[in-house]
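Written below as structure tokens is the structure these notes are about.
Here, each number is a calculation from the coordinates, and none is a lab measurement. Since this is a predicted model, take the numbers as computed values, not measurements. Cβ: placed from backbone, ideal geometry, glycine included. Neighbour counts: every protein chain shown.
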Amino acid sequence: MAGTDPIHQFVIYDIAELFTLGGDGTEGSGITFSFTNSALFMVLTVATIVVFLLAATAGRKLVPGRAQLTAELLYEFVAGMVRSSAGTAGMKFFPLVFSLFTFIFVANMFGMVPYFFTVTSHIIVTFALSMLVFLTVILYGFIKNGPKFLKLFVPAGVPGYILPIVTPIEVISFLSRPISLSVRLFGNILAGHITLKVFTGFAVMMIAGLGAIGWVASILPILMAIALTGLEFLVGSVQAYVFAVLTCMYLNDAIHPSH
Amino acid sequence: MTIPPDNQGQPENARGATRDLASRIASAKREREREDNRSLRDASPEMTGLARGLRIGTEFIAAVLVGAGIGYLIDLGLGTSPWGLLILLLMGFAAGILNVIRVVAEMNAASPAPPGSDLGPDAEDEERDENR
């Protein structure tokens with residue numbers, strides 16, 4: 001029953017084949033690069049953000065209209081988040097945090113539209129985003145602080161004979177950041193969408209299997225699905241916010257490495 | 001934000017008026033700052049219990065997985081199986097606990113206990129008990 005399969009919504013399929021790397025020219029050899037439905041929705045997400053922000057800030061009135069006000073609120077929200085977590089020195093990373101927040105937020109909201117693909121439900125996408133943050137932290141930390149960045153792994157006030165135990169633990173804790181960052185976003189979105197599909201699937205199966213009784217009984221899973229839809233909107237926006245806040249906190253470590 | 005009534009504390013000369021205005025601006029700024037702080041606190045990332053639980057859970061699991069992964073790679077490279085995996089798994093466990101402690105400390109800092117609540121005896125109380 002493809003209609004009620006809860007995993008089917010995450011299938012990636014090619015829309016257009018682009019080119020093949022390597023291989024001997026026969027069918028199925030080498031790595032084929034394609035424009036997939038996932039890529040399509042990433043492009044749609046970015047296009048929506050860019051078009052909205054360009055349109056909203058085109059007028060630049062002193063007294064903002066509705067669209068301009070929304071854009072300004074969005075800016076103030078992310079700017080306040082960066083300033084409070086990473087300080088004024090963190091504002092040079094504002095473009096990164098703003099892009100991450102709006103991309104995840106809009107992608108999650110797109111995912112809530114029926115028949116749309118949810119970009120953030122694939123761990124490779126969220127892992128790429130978190131590795132972007134992680135590598136930025138490491139690169140900037142070493143460029144700005146040099147070897148002092150390694151102080152991050154040596155907590156202040158720890159006696160020397162405990163350091164051989166504490167430092168590996170700190171290193172593992174640091175390396176676990178991109179994993180927890182990506183798994184949290186991916187897990188929340190994946191689990192939410194599967195639950196939603198399972199509950200609506202119940203209603204479809206009841207109507208198909210039980211007839212008239214099924215029509216009445218399907219009210220219960222439908223009510224649950226309505227409640228879950230609201231919850232999913234909340235989870236989608238909260239997870240975008242959490243991702244951005246944690247990005248700011250990790251960047252703060254790169255700017256001020258002493259614990 | 002309340003607007004102070006205009007007829008209140010009307011000064012006789014212009015200097016008084018400036019001083020009055022300055023104090024009113026200062027008080028309005030203070031009030032606004034308080035408002036900003038409050039709205040920042042309300043919008044903390046830990047909005048729901050579910051989000052809080054998932055955050056702690058992933059922080060813990062990720063550290064254990066990373067520790068085990070590094071241990072496995074060390075074993076693969078040096079042929080010390082199973083010691084690298086065992087030791088690094090336990091290290092990952094410790095790092096997971098460290099992550100959880102950090103997250104919870106940060107959550108506690110974000111939402112301090114309401115004033116007047118009983119937080120148990122602190123260091124000063126203990127000292128007083130000993131001196132008695």
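For A:Ser34, what residues show an amide H to amide H distance below 5 Å, using hydrogens built from the backbone and excluding near sequence neighbours?
A:Leu18
Sorted from fewest to most neighbouring beta carbons within 10 Å, what does the list A:Ser121, A:Ser237 look like?
Taking fewest neighbouring Cβ atoms as first place, the list is A:Ser237, A:Ser121.
Under 11 Å from the 7 Å Cα→Cβ point of A:Tyr13, by amide nitrogen: which residues of the range A:28-55?
A:37
Given R₀ = 35 Å, what would the calculated FRET efficiency be for A:Thr167 paired with A:Ala79, taking r from the Cβ atoms and rounding to 0.05?
0.50
Membrane-span-like helices in chain A: DSSP H runs reaching 27 Å or more (Cα, own axis), mean Kyte hydropathy at least -0.5?
A:37-56, A:66-86, A:123-145, A:163-210, A:219-255
Across the residues of B:53-64, average count of Cβ atoms on other protein chains within 10 Å?
Going residue by residue through B:53-64 and averaging, the value is 6.
Work out the P(r) tail for the protein assembly as shown: percent of alpha carbon pairs separated by more than 34 Å, whole number.
Here the long-distance tail beyond 34 Å is 49 percent of all Cα pairs in the protein assembly as shown.
How much net charge surrounds B:Thr58 when only the other residues with a Cβ under 11 Å from the Cβ of B:Thr58 are counted, with Lys and Arg +1 and Asp and Glu -1?
Combined, the nearby Lys, Arg, Asp and Glu give +2.
Along Cα→Cβ, 7 Å out, is where each label goes; now give me the distance between the ones at B:Leu90 and A:Met131 in nm to one decimal.
3.2
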